[in-house]
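Trainee: Please see the structure below; I have some questions.
The values are calculated or read from the model by the stated rules, or taken from the named source; none is laboratory data. What you are looking at is a predicted structure, and each value in this text was computed from that prediction instead of being measured. Please note: Cβ atoms are built from the backbone with ideal geometry, for glycine as well, and neighbour counts cover all protein chains shown.
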Amino acid sequence: MENAFTIAAYVVAGILFILSLGGLSGQESAKRAVWYGIVGMAIAVVATLVGPGSGLGVVSIILIALGAAVGYQLATKVEMTQMPELVAIMHSLVGLAAVFVGFNADIMINYIGNMYDAEGLVMGAVQADGITAIGLPKELYDGLSSFGQLIAKKSSVEIGILRVELVLGIWIGAVTFTGSVIAYAKLAGRDSKLPVEIDTSAKQLPGGHMLNAAAAGLSIIFAIMYLGGSGSWTLILLTLLALFIGYHLIMGIGGADMPVVVSMLNSYSGWAAAAIGFSLGNDLLIVVGALVGSSGAILSYIMCKAMNRSFVSVILGGFGGASGGEQMAVEGEQVAIDAEGVAAALEEADSIVIIPGYGMAVAQAQQNVAELTRRLRAKGKTVRFAIHPVAGRLPGHMNVLLAEAKVPYDIVLEMDEINDDFPDTDVAIVIGSNDIVNPAAQDDPNSPIAGMPVLECWKAKQVFVSKRGQGTGYSGIENPLFFKENTRMFYGDAKASLDTLLGKIT
Amino acid sequence: MKIGTPKEVFGGENRVAMTPDSARQLQKLGYDCLIESGAGARAGFSDALYEDAGVTVVKTAAALWKEADIVAKVRQPEPAELKRLREGQTLISFFNPAANEEGMEAAKAKGANVIAMEMVPRISRAQKMDALSSMANIAGYRAVIEAGNNFGRFFTGQVTAAGKVPPAKVLVVGAGVAGLAAIGTSTSLGAITYAFDVRPEVAEQVESMGAEFVFLDFEEEQQDGAATGGYASVSSPEFAAAQLAKFRELAPEMDIVITTALIPNREAPELWTKDMVESMKPGSVIVDLAAEKGGNCKLTVKDEKIVTDNGVTIIGYTDFPSRMAAQASTLYATNIRHMMTDLTPKVKNEETGEETQEFFHNMEDDVIRGATVTYKNEITFPPPPPKVQAIAAKPKEKVPELTPEEKRAQEAAAFKAQTKSQVTLLAVGAALVLGVGLIPGMPASFMQHFIVFVLSVFIGFQVIWNVAHSLHTPLMAVTNAISSIIILGALIQIGSSSLLITLLAALGIFMASVNIFGGFLVTRRMLAMFQKS
C-alpha cells in the first residue's frame, strides 16, 4: 500500500533528482550533484521496499545487490573512450525493464479480471456515483499484492487509460531496447561483444522507411485491437513490431549520427519510464521519466543544431538528398609533413589550438595530447582546445576524454567561444576530426553538410592535420581543408604520430 | 649540354644572365658553360673571372649562339638575335610575349623553345625563379636612391646645432615588390613613409615595413588579389576618383613620390595628375617606375629626368636594374640557375637504382609550362591557368556597426518576437492540457498524474538548458542512471502471487539495478576527472 511516508519520500527523491540535473551546469557543482542523484535513488528504492514493494523484499535486495555487482564491474572496467557504447547498452536495459514491467501490468489486469469473473462481478463496474469502482470483496482484495490492489480498485475508464499507458510504455521500451543494442554495436564496431557483427554504415532492408511505416501502422492496429479487448497476443505482436522498428530504424542511421541517436534513445527510455509510471500510478516514475525524456530531447536538439540538420532527417537516416547540384571539386594537393616540421612550427608558435575528434578517441591518443599540452604550456605558450558540439560519438565525449588525461577544463573551449580567435592563432592542430573542420560547410552550398557550423581552423596561420591516411573518413565527404595552402598533413595513427612528435619536443 | 650567355646588344643594358657563381652551380648540374667575351664587363665580371669559374669564353656572339644548346640572356631578344635561333635550341630570357607577336612567330618558325622569364607563375614553388620580383626589388631600392640623389635635403629629421631639419615625407604608390622595396629603403633612411595600394589586404605588409598605409574612405568589394595571381586589377571609376582625391590632398605635403602602379598587360594607370605635380613644393622629386608603360604621371618622359616649371624633378628612367648591374646580374643569374635546376630533374632508374640528371623540358610542370611561350614549332602563349592557385584568406564580411537606436530597436523587436513565441507556446500548451481535461469521462486520478507529468517536463526543459556543454556525457550517464527509477515498478510488482509476474519483475529489478550502480559510478568517475588548471 502506498502510504503517506512513501509519497513523502518520493517528493524528497524527486527534488534531489531535479537538483542533481540542475547541478550539472558547472564542473564543480556537478560533483555535488551526482551525490544528490545517488541519495535520491537510495531514498526512492528504500521507501518502495519498506512500503508498497515489501513483498518478497529479501529477493529484491538480493537482486539489487547482484545488479550492483555487475554495474560496479561495468563502470570501473570501462575505458573512457568506450563511454558511448556503455551508455547505449545501459539504455537498452532500461528499455527492456520497461517492457517487462508493462507486461506485468497486463498480466495483472488479466489476473484481476479473472478474479472478478470468478466472483461473478464485472471488472471496472462503477458504483452509483459513476466514478468509484465497486471493487472486489474485502477478503479477496486484502489477499492481493499492492499492485493488484491498485488495479482492482480501478474503474473501467481508468483501466482503459491504464492500457493505453502500458501499450505506450511497452512500445517505447521495446524500440529503446533494440535501438540501443544496435547503437551499441555500431559504436563499438569490431569490439562489439554481440555474437553477430553489425555494419557501422547506414544499412536498411529493402523497402527502407516504408517498412518502418508499415510496422508502425500495424502497431497502431494491434494497439487498438488490444484496447478493444482482443487479448494479450496482440500486445506480444505489438512488442515484436516495436523491437523490429528499433532495430531497423537505428540500422539505417550512419555511425556519424550516433550522438543524436544516443541522446534520442536516452529520451525514449525516459518517456517509457514515464508511461509506465502512469500505468502504475507512481508519481516519482512520472517525474523522473519526464526529466530524463526532456533532457534527452534537448540533447538531441542541440546535437542536430550543431550539425545543421533537422531531427527528422537524422532519424530517417543517412545524409539526406537535400543537395541539388554538384559538389565543388577540390583543387590542389595534400602536402604531407613529418614530426620535425610540426615540432619546429610548434616551437615558434605562441598560440596553439588543438581540435580533437573521434580519431583521437579511436587511437587512444588523449594522454599524448595532454602530455604535448603540458610541455607546450611549460614553455609559456597558450594552448587551448576547441570542441565542436558533435565531436566524438556522444555529446561531450571529447571533454570527458581530455579530462581523463588531466587536461584542465578551463582551457577546453566550445566552438562559439573560440571560433573568432582562429585568425590570431599561430598553429591549429586537428587530431582525428574531419567534418567539424570542413570549410565546405561554409563555402559550398551543394555540400551535404552545407550550413553546418564548423570550427574555422583554416583561418589559423598554419594547420596541421593528424590523420591516418588520405581517405574521406566516416561521412565520406571530401574536406577542402586538407588541400589548403596553409594545411600540412601529418599522416599516421594519432597516437604513434604524437609519440614521435613528443620525442622532438622537450 | 652547353649553356651559353651572349653579351646584351640592347643599348645601355649592363646586366648579364650568367655570373661566375651561377656558372659554378650550373656546372654542378652537368652543363658546360659558355660566355661571350666581354658579356659581364659592364656588370663587373671580367672574362678572367669567368675563366677561373671554368667557363669557356667565346669570341663572338655568332659562335656562341651556334655552339650553345641553351641560351640564357636578359633582355628581350633583338631581331638579329632571333635569326640566330635554331631548331631544338632553348632560349631563356625576358620575352614580353604579350606584346611580342613577331618574336614568338620568329622563334616558332625556327623551331626553338622559348622560356619567358616574366611568365613564371606566381606560386610559392616558383618564387626562386621569379625574375620580375628580383628586378622589381632592385628597381624599388634604386628609385629611392635616385630620388635622394635629386632631392636637396636629408631623408631623416635632425636637430643640429645649425638648426632643425624636418624629415622627408615619401609617398609610395603601389605596394608590390618594387613598392615594398622602396618603402623599406625609404624608412631605413629615416623618411616618414606613406604607402597606398588598391589592394587593402597589403596594408599589413606595408605596416610591417614601417610605413603608414593610406586608407581611402571608400567601400568597395575588391576582387581578391590572389585570384589575379597576386597582381592588382583595374578598379572602378568611383574608386579611382576617391583615390585621386586622396592623392590631391597629400600632394602638397610630400617631398618624394614614388609610383609603381602597373597592371599586367595594360597601359599604366594615371595616378599623379598634372595639377598634383603643380601643387607640390619646389625641389620635390617624383620617380615614376611605370615609365615603360606610359607612366603613372603623364608628365613623365621615358628614360629621362625632367624638371617642371615649378621645380619638381620627374625621373622616368626605365633601366633601374641595369643601373645596378652587379646586383641585378647576381639575382637574375640565380633565377636562371633555379630555372635550370627545375629543367634538369633527377630521374631514378628503376632497374639500376642510379640517379641521373638530364635536361628535360617538362610541359606537364605548372611552372615550366607557364613560362614556355614557344615549344616545338608551336606558340604556347598564353598558358592555361595553373593548377595550384594561391588563395588568400577571404576578407571578412564586415558587419555594419549598428547605431544605438538601431540596436535598441532590434532588441525591442527581438523581445517582442520572444514574447510572442512564448505566449503562443503557452496558449497551445494550455489548450492541450485543457483539452485533455475536457475529454468526457476523464478520471480525476489520471489528471493528477498528468499534472505531475506536465510540470516535470517543464522543469526538465528549464533545468537541462543550463547544463554545460562539456558535461553532456556525464548528463547522459546520470539521466541513464535515474531512468532506472523503473525499478520501483518492478519492486511493486515482484510480490505478486503470479509466478510469471514475479519472474519478469525480478529480471526488471536486476537490470535496473545494474543501470543504477553502473550509471552513477561512471558519472562519478567522469566528474572526478574534470580539473581546473
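Trainee: Given the criteria closer than 29 Å to B:P383 by Cβ and surrounded by fewer than 15 Cβ atoms within 10 Å (Cβ to Cβ), does B:K66 qualify? Write out each step before concluding.
Mentor: Numbers: closer than 29 Å to B:P383 by Cβ: no; surrounded by fewer than 15 Cβ atoms within 10 Å (Cβ to Cβ): yes.
So B:K66 does not fit the description; no.
Trainee: Do we have any residue at all in segment A:3-22 that's touching a residue at least 40 places away in the same chain (Cβ under 8 Å), in contact with a Phe, Trp or Tyr (Cβ under 8 Å, 6 or more places away or on another chain) and in a helix (DSSP H, G or I)?
Mentor: So far as segment A:3-22 goes, yes, one or more of its residues are touching a residue at least 40 places away in the same chain (Cβ under 8 Å), in contact with a Phe, Trp or Tyr (Cβ under 8 Å, 6 or more places away or on another chain) and in a helix (DSSP H, G or I).
Trainee: If you check A:S60 against the conditions, is it in contact with a Leu (Cβ under 7 Å, 6 or more places away or on another chain) and part of a helix (DSSP H, G or I)?
Mentor: On the way: in contact with a Leu (Cβ under 7 Å, 6 or more places away or on another chain): yes; part of a helix (DSSP H, G or I): yes.
Considered against the rule, which asks whether it is in contact with a Leu (Cβ under 7 Å, 6 or more places away or on another chain) and part of a helix (DSSP H, G or I), A:S60 comes out as yes.
Trainee: May I pose another question? Out of all the residues in segment B:488-507, is one or more at the interface with chain A (Cβ under 7 Å from one of its Cβ atoms), more than 50 Å from the chain's Cα centre (by Cα) and over 22 Å from A:M108 (Cβ atoms)?
Mentor: Checked segment B:488-507: no residue is at the interface with chain A (Cβ under 7 Å from one of its Cβ atoms), more than 50 Å from the chain's Cα centre (by Cα) and over 22 Å from A:M108 (Cβ atoms).
Trainee: Of the conditions (1) among the polar types (S, T, N, Q); (2) surrounded by fewer than 24 Cβ atoms within 10 Å (Cβ to Cβ); (3) in a helix (DSSP H, G or I), B:S186 clears all except one; give me its number.
Mentor: Among (1) among the polar types (S, T, N, Q); (2) surrounded by fewer than 24 Cβ atoms within 10 Å (Cβ to Cβ); (3) in a helix (DSSP H, G or I), the lone unmet condition for B:S186 is (2).
Trainee: If you don't mind, there's one more thing I want to ask. Among A:R375, A:R393, which is the only one that is assigned to a helix (DSSP H, G or I) and in contact (Cβ under 8 Å) with a residue 60 or more places away in the chain?
Mentor: Values: A:R393 fails: assigned to a helix (DSSP H, G or I).
None of the others qualify; the one that does is A:R375.
Trainee: Just checking, does segment A:75-95 include any residue being among the β-branched types (V, I, T), over 16 Å from the mean Cα position of the chain (by Cα) and farther than 13 Å from B:G508 by Cα?
Mentor: So in segment A:75-95, the residues among the β-branched types (V, I, T) come out as A:76, A:78, A:81, A:87, A:89, A:94.
Okay, now just the ones that are also over 16 Å from the mean Cα position of the chain (by Cα), so A:76, A:78.
Narrowing further to those that are farther than 13 Å from B:G508 by Cα: A:76, A:78.
Yes - at least one qualifying residue is present in segment A:75-95.
Trainee: Tell me, please, whether a residue that is more than 14 Å from chain B (Cβ to nearest Cβ), in contact with a Lys or Arg (Cβ under 8 Å, 6 or more places away or on another chain) and farther than 15 Å from A:G492 by Cα can be found in segment A:353-364.
Mentor: At the first step, the residues of segment A:353-364 found to be more than 14 Å from chain B (Cβ to nearest Cβ) are A:353-355, A:357, A:359-360, A:362-364.
Now drop any that are not in contact with a Lys or Arg (Cβ under 8 Å, 6 or more places away or on another chain), which leaves A:353-354, A:359, A:363-364.
Those left that are additionally farther than 15 Å from A:G492 by Cα: A:353-354.
Among the residues of segment A:353-364, at least one is more than 14 Å from chain B (Cβ to nearest Cβ), in contact with a Lys or Arg (Cβ under 8 Å, 6 or more places away or on another chain) and farther than 15 Å from A:G492 by Cα, which makes the answer yes.
Trainee: OK, next. Out of B:S470, B:S456, which single residue is in contact with a Phe, Trp or Tyr (Cβ under 7 Å, 6 or more places away or on another chain), at the interface with chain A (Cβ under 7 Å from one of its Cβ atoms), hydroxyl-bearing (S, T, Y) and buried (at least 19 other Cβ atoms within 10 Å of the Cβ)? Before you say what the answer is, go through the steps one by one.
Mentor: Working: B:S456 fails: in contact with a Phe, Trp or Tyr (Cβ under 7 Å, 6 or more places away or on another chain).
None of the others qualify; the one that does is B:S470.
Trainee: I've got another one for you. Considering every residue within segment B:481-490, establish whether at least one is in contact (Cβ under 8 Å) with a residue 40 or more places away in the chain and surrounded by 13 or more Cβ atoms within 10 Å (Cβ to Cβ).
Mentor: If we filter segment B:481-490 for residues that are in contact (Cβ under 8 Å) with a residue 40 or more places away in the chain, which is where we start, we get B:481.
Pick out the ones that are also surrounded by 13 or more Cβ atoms within 10 Å (Cβ to Cβ) and you get B:481.
Checking segment B:481-490: at least one residue is in contact (Cβ under 8 Å) with a residue 40 or more places away in the chain and surrounded by 13 or more Cβ atoms within 10 Å (Cβ to Cβ).
This table checks each residue for (1) touching a helix residue (DSSP H, G or I) at 6+ places or on another chain (Cβ under 8 Å); (2) under 21 Å from B:I379 (Cβ atoms).
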residue	(1), (2)
B:R42	yes, no
B:T56	no, no
B:A61	yes, no
B:R75	no, yes
B:L82	yes, yes
B:I92	yes, yes
B:P97	yes, yes
B:A106	yes, yes
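Trainee: Taking interchain pairs and intrachain pairs at least six residues apart, which have beta carbon atoms under 6 angstrom, with the first residue in segment B:243-262 and farther than 12 Å from B:Y194 by Cα and the second of a type in the set (G, A, S) and part of a helix (DSSP H, G or I)?
Mentor: B:P252/B:S279; B:T260/B:A178; B:T260/B:G179
Trainee: Looking at segment B:71-98, which of the residues that are under 38 Å from the mean Cα position of the chain (by Cα) and farther than 30 Å from B:K293 by Cβ is surrounded by the most Cβ atoms within 10 Å (Cβ to Cβ)?
Mentor: Of segment B:71-98, the ones under 38 Å from the mean Cα position of the chain (by Cα) are B:71-79, B:81-82, B:85, B:88-98.
Those still in the list that are farther than 30 Å from B:K293 by Cβ too: B:88-89.
On the way: B:G88: 11, B:Q89: 19.
Step by step, filter segment B:71-98, then rank; the result is B:Q89.
Residue-wise test of (1) in contact (Cβ under 8 Å) with a residue 24 or more places away in the chain; (2) more than 10 Å from chain B (Cβ to nearest Cβ); (3) under 17 Å from the mean Cα position of the chain (by Cα).
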residue: A:L235; (1), (2), (3): yes, yes, no
residue: A:L238; (1), (2), (3): yes, yes, no
residue: A:Y247; (1), (2), (3): yes, yes, yes
residue: A:M251; (1), (2), (3): yes, yes, yes
residue: A:M258; (1), (2), (3): yes, yes, yes
residue: A:S279; (1), (2), (3): yes, no, no
residue: A:L285; (1), (2), (3): no, no, no
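Trainee: State all residues of segment B:22-52 that are modelled with pLDDT of 90 or more and among the charged types (D, E, K, R); if no residue qualifies, say none.
Mentor: Within segment B:22-52, B:R24, B:D32, B:E36, B:R42, B:D47, B:E51, B:D52 qualify.
Trainee: If you take just the helices (runs of 4 or more DSSP H) that sit entirely in segment B:421-513, which of them hold at least 3 residues that are at positive phi and not basic (K, R)? Break it down stepwise before answering.
Mentor: Numbers: elements: B:444-464, B:472-483, B:487-494.
In segment B:421-513, there are no helices (runs of 4 or more DSSP H) which contain 3 or more residues that are at positive phi and not basic (K, R).
Trainee: Moving to a separate point now. Please indicate, with yes or no, whether at least one residue in segment A:76-95 is within 7 Å of chain B (Cβ to nearest Cβ), farther than 29 Å from A:P408 by Cβ and modelled with pLDDT of 90 or more.
Mentor: no
Trainee: If you scan segment A:24-59, which residues turn out to be closer than 30 Å to A:V412 by Cβ and at the interface with chain B (Cβ under 7 Å from one of its Cβ atoms)?
Mentor: Of segment A:24-59, the ones closer than 30 Å to A:V412 by Cβ are A:24-41.
A:L24, A:S25, A:G26, A:Q27, A:A30, A:K31, A:V34, A:G37, A:I38, A:M41 - these are the residues of segment A:24-59 that are closer than 30 Å to A:V412 by Cβ and at the interface with chain B (Cβ under 7 Å from one of its Cβ atoms).
Trainee: Right, B:T424: of a type outside the set (A, V, I, L, M) and more than 7 Å from chain A (Cβ to nearest Cβ) or not? So that I can check it myself, show each step before the final result.
Mentor: Numbers: of a type outside the set (A, V, I, L, M): yes; more than 7 Å from chain A (Cβ to nearest Cβ): yes.
Yes: the conditions hold for B:T424.
Trainee: Return the only residue of A:S219, A:S279 being modelled with pLDDT of 85 or more, over 25 Å from B:P474 (Cα atoms) and of a type in the set (G, A, S).
Mentor: Working: A:S279 fails: modelled with pLDDT of 85 or more.
Criteria check complete, one pass: A:S219.
Trainee: In the list B:M529, B:M511, which residue meets the criterion of being in contact with an Asp or Glu (Cβ under 7 Å, 6 or more places away or on another chain) and facing chain A (nearest Cβ under 7 Å)?
Mentor: On the way: B:M511 fails: in contact with an Asp or Glu (Cβ under 7 Å, 6 or more places away or on another chain).
When all the criteria are applied, what remains is B:M529.
Trainee: May I ask you to list pairs of residues, at least six apart or on different chains, whose Cβ atoms are under 6 Å apart, with the first in segment A:151-163 being within 13 Å of A:G228 (Cβ to Cβ) and the second being at pLDDT 75 or above and surrounded by fewer than 16 Cβ atoms within 10 Å (Cβ to Cβ)?
Mentor: From residues that are within 13 Å of A:G228 (Cβ to Cβ), the pairs are A:R163/A:L227.
Trainee: Please enumerate the residues belonging to segment A:395-419 that are facing another protein chain (nearest Cβ under 8 Å) and within 16 Å of A:V78 (Cα to Cα).
Mentor: A:H397, A:V400, A:A403, A:E404 - these are the residues of segment A:395-419 that are facing another protein chain (nearest Cβ under 8 Å) and within 16 Å of A:V78 (Cα to Cα).
Trainee: Let me ask something additional. Within segment B:284-294, can one find any residue that is of a type in the set (D, E, K, R), crowded, with 21+ Cβ neighbours inside 10 Å and in a strand (DSSP E or B)? Before you say what the answer is, go through the steps one by one.
Mentor: Taking segment B:284-294 as the starting set, the residues that turn out to be of a type in the set (D, E, K, R) are B:288, B:292-293.
Checking which are crowded, with 21+ Cβ neighbours inside 10 Å leaves us with B:288.
Right, trim to in a strand (DSSP E or B) and you get B:288.
Yes, the conditions are met somewhere in segment B:284-294.
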